[in-house]
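For reference, the structure is listed below as C-alpha cells.
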Amino acid sequence: MADQIPLVDYLVLGDNPHLVARECEQCGSRYFGRRNACAGCFGTEFKTVRIPDEGTLETFTIVAQAAPGIPVPFVSGVIDVDGTAVRANVVNVEPNPDKVTMGMKLRLTTFPIGVDEAGVEAISFGYEPVG
Amino acid sequence: MSEDIWILGIHMTKFGKHPDKDTLDLASEAVMGALADGGVTMKDIGVMGAGNLMGGAGGIGQQLQKQVGQTGIPVYNVANACATGATALRVAAMAVKAGEVDCGLAVGVEKLAGAGLLAGGSRADNSKNWTPQGRQGAVAALDGRVGTDTMPGVFAQIGMEYGHRYGGTSFELFARISEKNHSHSTLNPLASYQKKMSLKEIMGDVMIAYPNTRPMCSANCDGAAAAVVVSDSKLKKLSAEQRRRAVKISASILTTDPWEDACQVLPNVNTLTRNAARQAYEQASVGPEDLDLVELHDCFATAELVHYDNLMLCEEGGAVDFFNSGAPWRDGKTPVNVSGGLESKGHPISATGIANIWEVCTHLRGEGGARQIEGAKVGLAHVIGLGNACGVHILEKAA
C-alpha cells in the first residue's frame, strides 16, 4: 500500500478508518482539532475518543454555487453520530432534495483526493447512505 | 440606575450601487446626515464608534474624521462581522451610559456592490507535497470537502435544521418569506431593489444553496448609516423639536455563543439571539407582544424563519405557523422587515446594524412615508454577525 495521509488529523486511516474527537476529561465536551482549553468548563486535559461510524443526518444543504475550483453540486450536512455532531459532505447520493432526507442513516466512508509529488495519497472522508 | 440614552439623529444612505462614491464618501454622507438630523455638529461629539470590514487597512474612524471634522476625540474602530454596526453603536451608547461623554457618534459603511459569495475564497490547487496545516492538520482546503463555508450554505443548513426539528418547512415556505420582503421593499425608496417578485420567480431563480435561491440571499450593495446618541440630561437641554424626534434606546444588548454541543460544528445562531432577546425585553420592560415592528437579520430567507422563534415573536417551535398566519407582513400582527430586509433593501455588512435602527426610528418618528407603520411606538432591531455576535436594540418613541 502506497503512503497515505488523512485530509485532517481527526481522520484515522488503516484497516478501519474512523474519526476521533478530543474529549474534555473534566466535562466530556467533544471537539475536532487541536485545543487550548475546553470552551465549556475551561479544563485543559483532553483524551482522544473514537467516533462511531454510523449516524443520522440532522441538517443539510445542496451547494450549487461555490468558490472557483470547488465541484458543485455537493451535499453539505451535519451528522449526529451517537450524540456527537460531525460536519461533512454526504456522498454517494444524488444531490437532489428528493434523494437526501432528514434523519437518513449514514455511514463513514473514505476516498482518495489526489497524490502528491512524493507519491503520497491524501484520503478524505464523507458519509454515505446505509443500505 | 443610570440615565436613559437617546438617539438624537440618525441617517441611512441609499443602498445600492454607488460607483462614483468611495467608502469615505458614503460614510461622510451618513455622518453629516445624522449630525444634521440631530441638530448638532462634530463639536458636540465626544466619542466615535466606527465599523468597516472590506475597506482594507487603516482606521475608518480616523480617515472619516479627516473628511468630516477632527476634534481629537477617541475613536473605536470595531469589527464584529455583520454585527459591526450594532457594535459601533453600542460603543457610543456605553460611553454615554458610563458618563464619560454626553454625546456620541456611531457609523458603519461598506462598499459591497458586485461582490460574489462571501467566505470560502477560491480553492488553491492541491499542494505539491501534502503538509498538515492549521488546527485540524488539514492537507488541503476543507471548503467543499468537509461541508461548506459559504454563507448561503451555512444558513440553509440552519433553516433546514429548524424544519427537521419542528416540521412544516419546505422550499416554497422559505421562498414565501423572501416574497414578503421583496414585496415590502417596493415602498422603500432607499432599498437596493424595489421590485416585487412572484413566488414563481423566486423559486425559479438561480439556486445558490438549497433551499436558498439568489433572491432569497442578502443583496450585496454599497451603503452607510450613522447615529448620534445623547444622554437624557443632554437631551433635556435641547429644543422641543429635538426632544420630540428623539428615540429612546430602551435596550441595547450584545451577546456571543455560550458553549453548547455542536456550536463549533455548525454555527448556532439561535441560543445567542434568544439570550439577547430575553435580556433586551427585560432591560426595556417590554414583551414581544408590545412590538409594533421588527427589523431582523434575514441574511437568507432560511434565517428569517428561525429568528421569529429566537426573538420570541411566536411560541417555541411555532415559526412556520407564525409566518403562515400572515403576522410578519406589513399589515400583520408583528410586521417584520418592512424595509425589505437584507434580501431586498440590501446588506452592506457594517452599515446593517445601524440601518435597521434607522428603519425602526423612522417609523417611531412617524416619518415612514408610504411604508409607515401607523402609530408605531416600540420596535426591535436585530443583527447577527457570524462567529457569532448578536445585537438586539429595542427602541421607543419619545413620550
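The values are calculated or read from the model by the stated rules, or taken from the named source; none is laboratory data. Here the structure is a predicted model, which means the values were calculated and not measured. Virtual Cβ from ideal backbone geometry, glycine too; neighbours counted across all protein chains shown. Calculation scope for accessible area: heavy atoms of the full protein, side chains included, ligands and nucleic acids excluded. Shrake-Rupley method; radii C 1.70, N 1.55, O 1.52, S 1.80 Å.
Yes/no matrix, rows are residues, columns are (1) buried (at least 24 other Cβ atoms within 10 Å of the Cβ); (2) in a helix (DSSP H, G or I):
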| site | (1), (2) |
| --- | --- |
| B:GLU289 | no, yes |
| B:LEU305 | yes, yes |
| B:VAL320 | no, yes |
| B:ARG330 | no, no |
| B:TRP358 | yes, yes |
Exercise. Of the residues in the stretch B:17-28, how many are open to solvent by 10 Å² or more (accessible area, probe 1.4 Å) and in contact with a Gly (Cβ under 7 Å, 6 or more places away or on another chain)?
Worked result: 1
Exercise. Hey, among the residues in the stretch B:29-41 that are in a helix (DSSP H, G or I) and touching a residue at least 60 places away in the same chain (Cβ under 8 Å), which one's most open to solvent (accessible area, probe 1.4 Å)?
Worked result: B:GLU29
For this session: Could you please find all residues in the stretch B:193-231 being buried (at least 20 other Cβ atoms within 10 Å of the Cβ), without any contact (Cβ under 8 Å) to a residue 24 or more places away in the chain and more than 25 Å from B:ALA381 (Cβ to Cβ)?
Result: B:MET207
Problem set entry | Filter pass, B:THR271 being touching a strand residue (DSSP E or B) at 6+ places or on another chain (Cβ under 7 Å) and either modelled with pLDDT of 95 or more or open to solvent by less than 10 Å² (accessible area, probe 1.4 Å) (or both) | no
Seminar exercise, completed: For the stretch B:240-262, pairs from a residue that is within 14 Å of another protein chain (Cβ to nearest Cβ) and open to solvent by less than 50 Å² (accessible area, probe 1.4 Å) to a residue that is in a strand (DSSP E or B) and not small (Gly, Ala, Ser), with Cβ under 8 Å and 6 or more apart or across chains, are B:ALA262/A:VAL78
Exercise. Do we have B:LYS234 as surrounded by 18 or more Cβ atoms within 10 Å (Cβ to Cβ), in contact with a Phe, Trp or Tyr (Cβ under 6 Å, 6 or more places away or on another chain) and either of a type in the set (Val, Ile, Thr) or touching a residue at least 24 places away in the same chain (Cβ under 8 Å) (or both) here?
Worked result: no
Problem set entry | Of all residues making up the stretch B:274-287, the number that are in a helix (DSSP H, G or I) and open to solvent by 10 Å² or more (accessible area, probe 1.4 Å) | 8
Exercise. Quick one: how many residues across the stretch B:230-267 are under 22 Å from the mean Cα position of the chain (by Cα) and modelled with pLDDT of 95 or more?
Worked result: 14
For this session: Tell me which residues, restricted to the stretch B:161-182, are in a helix (DSSP H, G or I) and open to solvent by 20 Å² or more (accessible area, probe 1.4 Å).
Result: B:GLU161, B:HIS164, B:ARG165, B:TYR166, B:PHE171, B:GLU172, B:ARG176, B:GLU179
Seminar exercise, completed: (1) touching a Lys or Arg at 6+ places or on another chain (Cβ under 8 Å); (2) over 11 Å from A:GLU128 (Cα atoms) all hold for A:LYS99 apart from (1)
Problem set entry | Of all residues making up the stretch B:81-121, the number that are open to solvent by 10 Å² or more (accessible area, probe 1.4 Å), more than 21 Å from B:PRO152 (Cβ to Cβ) and either assigned to a strand (DSSP E or B) or not assigned by TED's automatic domain parsing to the domain that holds B:ASP37 (or both) | 0
For this session: For A:GLN4, state whether it is surrounded by fewer than 19 Cβ atoms within 10 Å (Cβ to Cβ) and away from chain B (no Cβ under 12 Å).
Result: no
For this session: Working carefully through the options B:THR186, B:THR169, B:THR150, B:THR213, find the one that is under 23 Å from A:LYS99 (Cβ atoms) and either more than 14 Å from chain A (Cβ to nearest Cβ) or modelled with pLDDT under 95 (or both).
Result: B:THR150
Problem set entry | Set B:LEU53, B:LEU26: member being assigned to a helix (DSSP H, G or I), among the hydrophobic types (A, V, I, L, M, F, W, C), in the same structural domain as B:GLY99 (by TED's automatic domain parsing) and touching a residue at least 40 places away in the same chain (Cβ under 8 Å) | B:LEU26
Exercise. Which of the residues spanning the stretch A:8-26 are surrounded by 14 or more Cβ atoms within 10 Å (Cβ to Cβ) and either of a type in the set (Gly, Ala, Ser) or more than 17 Å from the chain's Cα centre (by Cα) (or both)?
Worked result: A:ALA21, A:CYS24, A:GLN26
For this session: Tally the residues that are of a type in the set (Phe, Trp, Tyr) and assigned to a loop (DSSP other than H, G, I, E, B), restricting the search to the stretch B:209-227.
Result: 0
Exercise. For the stretch A:40-52, does any single residue satisfy the condition of being surrounded by fewer than 19 Cβ atoms within 10 Å (Cβ to Cβ), within 27 Å of A:VAL100 (Cβ to Cβ), at pLDDT 95 or above and within 11 Å of chain B (Cβ to nearest Cβ)?
Worked result: no
Exercise. Among all residue pairs at least 6 apart or on different chains, which show Cβ distances below 6 Å where the first residue, located in the stretch B:122-145, is outside the structural domain of B:VAL265 (by TED's automatic domain parsing) and at negative phi and the second is at pLDDT 95 or above and small (Gly, Ala, Ser)?
Worked result: B:TRP130/A:ALA122; B:VAL139/A:ALA122; B:ARG145/A:SER124
